[in-house]
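Asks: Quick one: this structure, given as structure tokens, is what I'll be asking you about.
Please treat every number below as a calculation from the coordinates, not as lab data. The model shown is predicted, which means the values in this text are computed figures rather than measured ones. Quick reminder, even Gly has a Cβ in these numbers, built from the backbone with ideal geometry, and neighbours come from all protein chains shown.
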Amino acid sequence: MDCSNLIFLVVAAGRGQRAGAGIPKQYRRIAGKTVLGRTFRALLDACPEAPIQTVIHPDDRALYDAAVSESGVAGSLLPPVPGGDTRQASVLAGLESASCSNKNIVLIHDAARCFASTDLIARIAGSAATFGAAVPVLPVTDALKNISGGKVRGDVDRAELASVQTPQGFLLASILEAHRKAAEAGRTDFHDDAAVALWAGMPVHTIIGDPANIKLTTPEDFTLAELRQLAGLADIRTGTGFDVHAFGPGDRVWLGGIEIVHDQGLTGHSDADVALHALTDALLGAIGAGDIGAHFPPNDPKWRGAASDIFLREAARLVAGRRGMIAHVDLTIICEAPKIGPHREAMRKRIAEILEISEDRVSLKATTTEKLGFTGRREGIAAQAAATVRLPAGDDL
Ligand code: MG
């Protein structure tokens, strides 16, 4: 599909707490990934080069930054704009900002619909370009009744009714004008952008939506979505890794992805981050992808002094390439010094960031060898790691 004229507008300013968990639903997780991060990924899978304008609630800035940082999509995102009191006001704020992008077509999407398929996005983009305004609709399958006072008053003909999804696609200039007019007229009661467009006199074309493109709303929606995602990742594998680096001259060590001031350094070809090396091998082991030396030969001058997050990130990329998920990593650092305790949380945070997973999926422990052996004699640091990875079931059947 041609994405050169396209910009996405993601509406993520809602408080959406009906789903439980005490935070807005777009920041909740499904199988380890935030809803918002999944939504960004779904849009970028369809259109990698299209910019994304997001509207957020000002109170959610920290949640937003964390979701973006772990989803690895920051490069495609325009700075978020603060939303208004209603969805309609939030969309207007987003459109005003998106209009600086020089794109013609905008796809307005609810953050809580993270299962939008590439096919649906492509069809909406195509229809929006052809017709100026297009929305995905689904036929109503249940019988519909008029009710009042707890009693059925009559039937409703469902043949003329449809439920409406997002993304909804529009000519950017036209929908921006429609939203401005609605705001000027004091109309704040529109439920979606198709309603604003229609009120402003724009004909709105329909295409067939996707039943899988659900809007996550209730706790049950989240439970079902989580089960569905995990059920597809039923091939569970474990890998282990082990590494040692010797102390040498220096005044700091790299360990667990952070720099720690110490009275010695660690010697090695790269930055000698023994913890990240063990972890990289554990992940490679879990997917049967060889070891760190095979991917990053130690005699290759390219890796001299390299920051080891490159190695770990590559292992995570290989897992993602298998459409897998890193379920958990567990790391043990073995040394007499430096003391790991004061740095444990910073290391967990950094590793979670590199692997793009939540911190509760990263375990980090430390131990000594009671002054026995090379670690006990403070000659070096050892690290061992285990990684649990979930892969799509049946991929190799
Ligand atoms: Mg090593």
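Asks: Compare the Cα positions of Val389, Pro338, Phe190 along the charge dipole of the chain (+1 at Cβ of Lys, Arg; -1 at Cβ of Asp, Glu; about the Cα centre) and return the one farthest towards the positive end.
Replies: Among Val389, Pro338, Phe190, the one farthest towards the positive end of the dipole of the chain is Phe190.
Asks: In terms of the Cα gyration tensor, with a ≥ b ≥ c the square roots of its eigenvalues, is segment 196-319 rounded because a/c is under 1.5, prolate because a/b exceeds b/c, or oblate?
Replies: Prolate is the answer for segment 196-319, as a/c is 1.5 or above and a/b outweighs b/c.
Asks: Taking the Cα centre of each part, how many Å lie between segment 197-260 and segment 1-62?
Replies: With segment 197-260 and segment 1-62 each reduced to a Cα centre, they are spaced 12 Å.
Asks: Can I ask one more? When the helix-only estimate is applied to the chain (DSSP H runs of n ≥ 4, each -39,500 (n - 2.57), divided by the residue count), what is the mean residue ellipticity at 222 nm, nearest 500 deg cm²/dmol?
Replies: After summing the helix terms and dividing by the residues of the chain, the value is -9500 deg cm²/dmol.
Asks: A further question on this structure: Pull the list of the chain cysteines that no other Cys approaches to under 4.7 Å, Cβ to Cβ.
Replies: Isolated Cys, the chain: Cys100, Cys114, Cys335.
Asks: Given charges of +1 on the Cβ of Lys and Arg and -1 on the Cβ of Asp and Glu, with all other atoms neutral, how large is the dipole of the chain about its Cα centre, in debye to the nearest 20?
Replies: Its charge dipole is roughly 580 debye.
Asks: Separate question: Picking from Pro51, Pro167, Pro249, which is most flexible by a Gaussian network model of the chain using Cα springs under 10 Å?
Replies: Pro249
Asks: In the neighborhood of Asp210, defined by Cβ-to-Cβ distances under 10 Å, what is the net charge if each Lys or Arg adds +1 and each Asp or Glu adds -1?
Replies: Here the count lands on +1.
Asks: Now for a different question. I need the per residue convex hull volume for segment 239-397, using only the alpha carbons, in cubic angstrom as a whole number.
Replies: 106 Å³
Asks: Across segment 112-119, in residue order, what do the Karplus-derived ³J(HN,Hα) couplings come to in whole Hz, using 6.51 cos²θ - 1.76 cosθ + 1.60 with θ = phi - 60° and x for Gly and Pro?
Replies: After applying 6.51 cos²θ - 1.76 cosθ + 1.60, I find 7, 10, 8, 10, 5, 8, 4, 4 Hz.
Asks: With the Cα gyration tensor of segment 135-258 in hand, convert its eigenvalues to equivalent ellipsoid semi-axes via √(5λ) and list them largest first in whole Å.
Replies: The three semi-axes for segment 135-258 are 50, 27, 15 Å.
Asks: Now for a separate question. Under the rule a/c < 1.5 gives rounded, and otherwise a/b versus b/c splits prolate from oblate, where does segment 283-371 land using the Cα gyration tensor?
Replies: Taking the square roots of the gyration eigenvalues as a ≥ b ≥ c, segment 283-371 is oblate.
Asks: With charges set only on the Cβ (+1 for Lys and Arg, -1 for Asp and Glu), what does the dipole of segment 277-387 come to about its Cα centre, in debye to the nearest 20?
Replies: Its charge dipole is roughly 120 debye.
Asks: At a 10 Å Cβ-Cβ cut-off, how would you order Thr166, Thr368, fewest neighbours first?
Replies: Thr368, Thr166
Asks: Separate question: Convert each backbone phi in segment 290-303 into a coupling constant with the Karplus relation 6.51 cos²θ - 1.76 cosθ + 1.60 (shift: θ = phi - 60°), then list the ³J(HN,Hα) values in order as whole Hz, x for Gly and Pro.
Replies: Running phi through 6.51 cos²θ - 1.76 cosθ + 1.60 with θ = phi - 60° gives x, 10, 4, x, 6, 7, 10, x, x, 8, 7, x, 4, 9 Hz.
Asks: For segment 1-158, what is the Kirkwood estimate of the hydrodynamic radius, computed as the reciprocal of the mean inverse distance between distinct Cα atoms, to one decimal in Å?
Replies: Every distinct Cα pair counted, the radius reaches 17.0 Å.
Asks: Here's another thing I want to ask about it. Taking only the alpha-carbon positions of segment 337-397 and ignoring solvent, what does the Debye formula give for the base-10 log of I(q)/I(0) at q = 0.27 Å⁻¹?
Replies: -1.16
Asks: Expected output is a single nm value to one decimal: the length gained when fully extending between Lys151 and Lys365, i.e. 0.36 nm times separation in residues minus the C-alpha distance. What is it?
Replies: Result for the pair: 70.8 nm of gain on full extension.
Asks: Turning to a different aspect of this structure: Which of His277, Leu120, Pro297 sits closest to the plus end of the dipole of the chain, meaning its Cα is farthest towards the positive end, when Lys and Arg get +1 and Asp and Glu get -1 on the C-beta?
Replies: The residue sitting most towards the positive pole is Leu120.
Asks: Same structure, new question: Ranked highest first by the average count of other Cβ atoms within 10 Å around their residues, in what order do 214-227, 149-162 fall?
Replies: The most tightly packed comes first, giving 214-227, 149-162.
Asks: How much net charge surrounds Asp119 when only other residues with a Cβ under 14 Å from its Cβ are counted (Lys, Arg +1; Asp, Glu -1)?
Replies: Computed value for this residue: -1.
Asks: Just grab the label-to-label distance for Cys100 and Ala320, each label 7 Å out from Cα along the Cβ direction, in nm (one decimal).
Replies: 2.7 nm
Asks: Same structure, new question: How big is the dipole moment of segment 154-277 about its Cα centre under a simple scheme where the beta carbon of each Lys and Arg is +1, that of each Asp and Glu is -1, and everything else is neutral? Debye, nearest 20, please.
Replies: For segment 154-277, the charge dipole is close to 240 debye.
Asks: Note down the net charge around Lys103, summing +1 for each Lys or Arg and -1 for each Asp or Glu among other residues with Cβ under 15 Å from its Cβ.
Replies: -3
Asks: Any chance you could run the full-extension gain for His205 through Asp300? It's 0.36 nm times the residue separation minus the Cα-Cα distance, nm to one decimal.
Replies: Fully extending the segment from His205 to Asp300 adds 28.5 nm.
Asks: How many angstrom separate the Cα center of segment 77-116 from the Cα center of segment 317-388?
Replies: If you average the Cα positions of each part, the centres end up 39 Å apart.
Asks: Here is a follow-up. Of Ile381, Ile260, Ile333, which is the most mobile in a GNM of the chain whose springs link Cα atoms less than 10 angstrom apart?
Replies: Ile260
Asks: What is the diffusion coefficient of segment 119-162 in µm²/s, taking the Kirkwood radius over Cα pairs and the Stokes-Einstein relation at 37 °C with a viscosity of 0.692 mPa s?
Replies: This corresponds to a translational diffusion coefficient of 253 µm²/s.
Asks: I would also like to ask the following. State the volume of the convex hull built on the alpha-carbon positions of the chain, expressed per residue in Å³ and rounded to an integer.
Replies: Spread over its residues, the Cα hull of the chain gives 185 Å³ apiece.
Asks: So for segment 52-192: antiparallel DSSP bridges make up what percent, rounded to the nearest 5?
Replies: Bridges in segment 52-192 that DSSP calls antiparallel: roughly 80 percent.
Asks: Next question, about the same structure. Choose one of Ile52, Leu318, Ala12: the residue whose Cα lies farthest towards the positive end of the charge dipole of the chain (beta-carbon charges +1 Lys, Arg; -1 Asp, Glu; about the Cα centre).
Replies: Value: Ala12.
Asks: Sequence gap of 8 or more, or different chains, plus Cα separation below 18 Å: how many lysine pairs satisfy both in the chain?
Replies: Final tally of qualifying lysine pairs is 8.
Asks: Go through segment 177-188 residue by residue and turn each phi into a ³J(HN,Hα) via Karplus (6.51, -1.76, 1.60, θ = phi - 60°); whole Hz please, and just put x for glycine and proline.
Replies: Residue by residue, segment 177-188 yields 4, 4, 5, 4, 4, 4, 5, 4, 7, x, 7, 10 Hz.
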